[in-house]
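Peer 1: After the structure tokens below, expect a handful of questions from me.
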Amino acid sequence: MHAWQEKLPHLLLYGPPGTGKTSTVLALAKRIFGAKVKSMTLELNASDDRGIDVVKHEIKEFAGTRTIFGNGFKMIILDEADNMTSAAQFALRRVIENYTANVRFCLICNYVNKIIPALQSRCTRFRFSPLGTEHIRPRLRDIACKEGVEVGDDALLAVEKLSGGDMRKCLNVLQVPPAQLRSAASALLSLTRATPLIHPPCYAPSCSLRNAPSQRHCV
């Protein structure tokens, strides 16, 4: 394990859906653990496992065990952590305090204001903004090319405007049959042509490199 990996803090990734938060954490886990990623990480969707029992049993049990002859830490990924109950979040705070030497926690959420301050203060925060045209358009073209689907510029523009910077929503729209996509794009574009690209409302106060508070970063 490299020196920079040993210094990895607990992470809190927040922002609109479809902006790459979960993919970023999973890529980080694969980079750190390699072939051992499945045994060294615990991934939970907090919208399903949101109660205090999960924290007291499943999370605490994983955090409290070490691998034989292993060095370094394990990783617990909690997706949609803003759906956890307040009691579960306070219990998680105590687990983080007790097992920091053995585990790094990665919390992922859409609404950071639903995470209790005690958890936020223990994490380095990264805000993910809605994706821009420079990120969405090349990816859509690449996918369409690999799937052998012809998608015109008007169709791509319509998909991009409707997505609001959400890549997952873009991919869902592209899965409709090509003929339907072309016909729908014409109708959608007529409704959106006069409207600039609109992103969802801000999920948290915007920050810049110059004025960003400590432990908060924009992506």
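Residues checked against (1) within 30 Å of SER86 (Cβ to Cβ); (2) touching a helix residue (DSSP H, G or I) at 6+ places or on another chain (Cβ under 9 Å); (3) modelled with pLDDT under 90; (4) not in a helix (DSSP H, G or I):
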| position | (1), (2), (3), (4) |
| --- | --- |
| ASN113 | yes, yes, no, no |
| LEU119 | yes, yes, no, no |
| ARG125 | yes, yes, no, yes |
| SER129 | yes, no, no, yes |
| ARG141 | no, yes, yes, no |
| CYS145 | no, no, yes, no |
| VAL151 | no, yes, yes, yes |
| LEU156 | no, yes, yes, no |
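Peer 1: Could you list, ordered by first residue, the pairs with Cβ atoms under 8 Å in which the first is in the stretch 131-142 and in contact (Cβ under 8 Å) with a residue 24 or more places away in the chain and the second is aliphatic (A, V, I, L, M) and open to solvent by less than 40 Å² (accessible area, probe 1.4 Å), at least 6 apart or interchain?
Peer 2: Taking only residues 6 or more apart or on different chains, the pairs are LEU131/MET167; HIS135/MET167; ILE136/MET167; ARG139/MET167; LEU140/VAL151; LEU140/LEU156; LEU140/VAL159; LEU140/LEU174.
Peer 1: Additional query: When the residues of the stretch 153-168 are filtered to those that are open to solvent by less than 40 Å² (accessible area, probe 1.4 Å) and touching a Lys or Arg at 6+ places or on another chain (Cβ under 8 Å), which remaining residue is farthest from LEU107 (Cα to Cα)?
Peer 2: Within the stretch 153-168, the match that is farthest from LEU107 (Cα to Cα) is ALA155.
Peer 1: Mind checking which residues of the stretch 82-111 are assigned to a helix (DSSP H, G or I), aliphatic (A, V, I, L, M) and touching a helix residue (DSSP H, G or I) at 6+ places or on another chain (Cβ under 7 Å)?
Peer 2: Listed by number, the residues that qualify are ALA87, ALA88, ALA91, LEU92, VAL95.
Peer 1: Which residue pairs have Cβ atoms closer than 8 Å, lie 6 or more positions apart in sequence or on different chains, and pair a first residue in the stretch 151-164 that is touching a residue at least 60 places away in the same chain (Cβ under 8 Å) with a second residue that is open to solvent by less than 30 Å² (accessible area, probe 1.4 Å) and not in a loop (DSSP other than H, G, I, E, B)?
Peer 2: SER163/ILE136; SER163/CYS170
Peer 1: Moving on. When the residues of the stretch 1-28 are filtered to those that are more than 8 Å from the chain's Cα centre (by Cα) and assigned to a loop (DSSP other than H, G, I, E, B), which remaining residue is modelled with the lowest pLDDT?
Peer 2: MET1
Peer 1: Could you please find all residues in the stretch 105-138 being hydroxyl-bearing (Ser, Thr, Tyr), within 16 Å of the chain's Cα centre (by Cα) and open to solvent by 50 Å² or more (accessible area, probe 1.4 Å)?
Peer 2: Across the stretch 105-138, the qualifying residue is only TYR111.
Peer 1: Mind checking whether some residue in the stretch 81-92 is in contact with a Phe, Trp or Tyr (Cβ under 6 Å, 6 or more places away or on another chain) and crowded, with 18+ Cβ neighbours inside 10 Å?
Peer 2: Yes, that holds for at least one residue.
Peer 1: Any residue at all in the stretch 51-71 that's under 20 Å from the mean Cα position of the chain (by Cα), outside any helix (DSSP H, G or I) and either acidic (Asp, Glu) or surrounded by 21 or more Cβ atoms within 10 Å (Cβ to Cβ) (or both)?
Peer 2: no
Peer 1: Now a separate question. For the stretch 16-32: of the residues being in contact with a strand residue (DSSP E or B) (Cβ under 7 Å, 6 or more places away or on another chain) and open to solvent by less than 60 Å² (accessible area, probe 1.4 Å), which is farthest from LEU42 (Cα to Cα)?
Peer 2: Ranking the candidates gives LYS21 first.
The values are calculated or read from the model by the stated rules, or taken from the named source; none is laboratory data. A quick note: this is a predicted structure, and the numbers were derived from the prediction, not measured. A quick note on method: Cβ atoms are made from the backbone with ideal geometry, for glycine too, and the neighbour counts reach across all protein chains shown. Surface areas here come from the heavy atoms of the whole protein model, side chains and all, with no ligands, DNA or RNA. Shrake-Rupley method; radii C 1.70, N 1.55, O 1.52, S 1.80 Å.
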